[in-house]
Amino acid sequence: SFSMRSLYGSNAEYCIRNRLADGYSFNHNLATIFRPEYQTLVPDIFADLGYRTILAKGNRASDPQPNFTNEGAVQLATLAAIHYFEKNPSAKSFSLSPNDNILYDTTEATKEAVSPITYFRKRPNYTDMTFEFANKVARKVFNDAGLWKTDKGEDRYLGMLAYYWAEQSPNIPLHPRVLPILTSDRSQWHDSGYQQTDKDLIERWGKTEAEKIGAWDYYFGAPYPYPRQFTQWISESVPYLHQNRVDVFFSQLPSMWGLDGPKAWLATQLLWDANAKVDSLLNEFYDEFFGDASPAIRSFYETAESHRNQNEGPANWIKFYLDESGIELFPKSVLEDMRLSIEMAKSMVDPSSRYYQRIKIISEAFELTELYHSYHSARLDLIDFIANKEASIG
């Protein structure tokens, strides 16, 4: 169903066994095009931040965006793309995606390009300016230079993240070979308002002139210290993306197998066949991996997912990511119920079986959750003790 199926962080063997495949480039990349040595030679193509002076360091996280309205910036990006395709004749794409920050040019030309300012998800909307930059580069690379195909006859694209201040759908036509990548945390579809906004956004992008559309989802996994399960939203969002012309899929899923197994399994299978029956896939996962312990392990994961859906609250961008207090989402009583499911599962299979070995992996991974919860609870108790001690002394 998807021509690119990537769960970043998975090892090579897992990717092979589950038919994952790369193929297109669209990560943050402008810092590698607008190199530091160019800033003194052609300063106008770099961002003018007014009273702030930030020198380019070639860092995709901290370098400001270039001046998207400057024709010299368009020309430099064009030369970089042409050079890349000539050096890599089999490459199907080159990334024009912005650096991972919100440092934009503040000159009058940029202000005019984004005026009148509008907002999407409470952030300024710079989509048209960002994608018009990509359009201009695409016309020079494809229409003028003629680099439409690889040496194998495959179509080429310029990847561009629809990310943060460029998340909203465009009001301008897109060059057909600009490849927009729709970024979203679709685990937040438990929030019905966010879900509907996201579906409407996907549908609008699907109606653009782009020949190919991609999605970047946030399926983490690590660093979350608990089972961040949302198979329900994977089962709904992946087919919805497919129905709206998305066929490039990338997600970040650095994980521990014991905490994230069902989520990763379901995603890989739906990326291969978006119309597959979800219940059958999950039954296959639990029955084949855990044998007679299937019901108990299923209860473990479904308890985590149900509790998260009911208690995570309003959607927020990658909610609780690197948030030390995020473990408070799970009270001790829920973790005890989940531990009971694991211990029950151990009693249902032969200790020498592969099923028991897999349950042991889950048990050891979940021990991290339990230890982190105890650590955080002890830390809160210590803070309360100190506060009460100071109050009594005062």
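The values are calculated or read from the model by the stated rules, or taken from the named source; none is laboratory data. The shown structure was predicted, so the numbers you read here are calculated from the model rather than taken from an experiment. Here the Cβ is made from the backbone with ideal geometry for all residues, glycine too, and neighbour counts use every protein chain on show. Accessible surface areas use protein heavy atoms only, side chains included; no ligands, DNA or RNA. Shrake-Rupley method; radii C 1.70, N 1.55, O 1.52, S 1.80 Å.
Every residue, every condition in (1) surrounded by fewer than 18 Cβ atoms within 10 Å (Cβ to Cβ); (2) of a type outside the set (V, I, T); (3) under 25 Å from Y218 (Cα atoms), yes or no:
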{"site": "T127", "(1), (2), (3)": "no, no, yes"}
{"site": "E132", "(1), (2), (3)": "no, yes, no"}
{"site": "T150", "(1), (2), (3)": "yes, no, no"}
{"site": "Q168", "(1), (2), (3)": "no, yes, yes"}
Original post:
Would it be correct to say that S377 is over 22 Å from D260 (Cβ atoms) and open to solvent by less than 30 Å² (accessible area, probe 1.4 Å)?
Top reply: no
**OP:** State whether the residues of the stretch 209-229 include one that is in contact with a Phe, Trp or Tyr (Cβ under 7 Å, 6 or more places away or on another chain) and surrounded by fewer than 20 Cβ atoms within 10 Å (Cβ to Cβ).
**Re:** no
Subject >> Residues satisfying the stated conditions in the stretch 306-345, i.e. open to solvent by 80 Å² or more (accessible area, probe 1.4 Å), farther than 29 Å from Y164 by Cα, in contact (Cβ under 8 Å) with a residue 24 or more places away in the chain and charged (D, E, K, R) >> reply: K332, D337
Original post:
Pairs, please: C-beta under 6 Å, at least 6 apart or cross-chain, first residue on the phi > 0 side of the Ramachandran plot and in the stretch 16-29, second not in a loop (DSSP other than H, G, I, E, B)?
Top reply: R19/W272; G23/M4
**OP:** Taking the residues in the stretch 187-208 that are without any contact (Cβ under 8 Å) to a residue 60 or more places away in the chain and touching a Pro at 6+ places or on another chain (Cβ under 8 Å) as candidates, determine which candidate is most open to solvent (accessible area, probe 1.4 Å).
**Re:** T208
Subject >> Some residue of the stretch 79-99 being open to solvent by 50 Å² or more (accessible area, probe 1.4 Å), touching a residue at least 40 places away in the same chain (Cβ under 8 Å) and more than 17 Å from V137 (Cα to Cα) >> reply: yes
**OP:** Return yes or no: is P173 touching a Leu at 6+ places or on another chain (Cβ under 7 Å) and surrounded by fewer than 23 Cβ atoms within 10 Å (Cβ to Cβ)?
**Re:** no
Original post:
Inside the stretch 31-43, can you point out the residues that are closer than 20 Å to A109 by Cβ and surrounded by 14 or more Cβ atoms within 10 Å (Cβ to Cβ)?
Top reply: I33, F34, Y38, Q39, V42
**OP:** Sort through G153, G221 and tell me the only one that's on the phi > 0 side of the Ramachandran plot, at pLDDT below 95 and in a loop (DSSP other than H, G, I, E, B).
**Re:** G221
